[in-house]
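Working notes, beginning with the structure itself.
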């Protein structure tokens, strides 16, 4: 199966937060600073001179790019495992194994959730994020809720495949996939309230079906920060793993 990296022209912005400064992006890379530390992602293979940026932290670098860095620089790295999905296989839910998922989706669909392409009010995002942090947060996931707010406040979801799920006046889930390129996309951001059992699957399947209708075949779900998240992302048919690295370029050899 073809591989697919997580970073593209939209997804890298989910790494930014209110403390991010000096944001710069070009066709090759994007970089920014947080407390005077430079961070970088690649939008293409590493084919530019990065000596002027050393030292810097890197995110989601492909193994071949890290190996290239190691020929010239002292590098510290940590492995990321991202789950990629063949989403046309994911939505096939026949058989006993996926009975729980089918039941969860059926319960959510009976609630007559309204699915919008954009949020009604930015405060809806803030309310959901605060509730999520209180009820889920770092109990189950790494809490990047502040970066979620920053992403949507800056309207970086414009042009993405979005789903904002409302139960009446209340936003209960939201998610964004990056625009499709060559049949591939990345799952930029997604959150749902644990008080609505099955809302995670409901949100994800809403996004997958939208993406499939637009010609998407593969979605990179991003790195798994814990075993529970890895298990959730890998539980469907059509899942496979993608390797990347986070780390630091310290100095020239």
| field | DSSP beta bridge pairing in the chain, given as percent antiparallel to the nearest 5 | value | 90
| Whole-number percent relative contact order across the range 178-253, with pairs defined as alpha carbons under 8 Å at least 6 apart | 32
| For the Cα atoms of the chain, what angle does the longest principal axis make with the long axis of helix 199-213, in degrees from 0 to 90, nearest 10? | 70
| request: Please give the calculated 222 nm ellipticity per residue for the chain, where each DSSP H segment of at least 4 residues contributes -39500 (n - 2.57) and the sum is spread over every residue; nearest 500 deg cm²/dmol? | output: -8000 deg cm²/dmol
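Read the figures in this text as sums done on the coordinates, not as results from a lab. Here the structure is a predicted model, which is why all the values come from computation and not from measurement.
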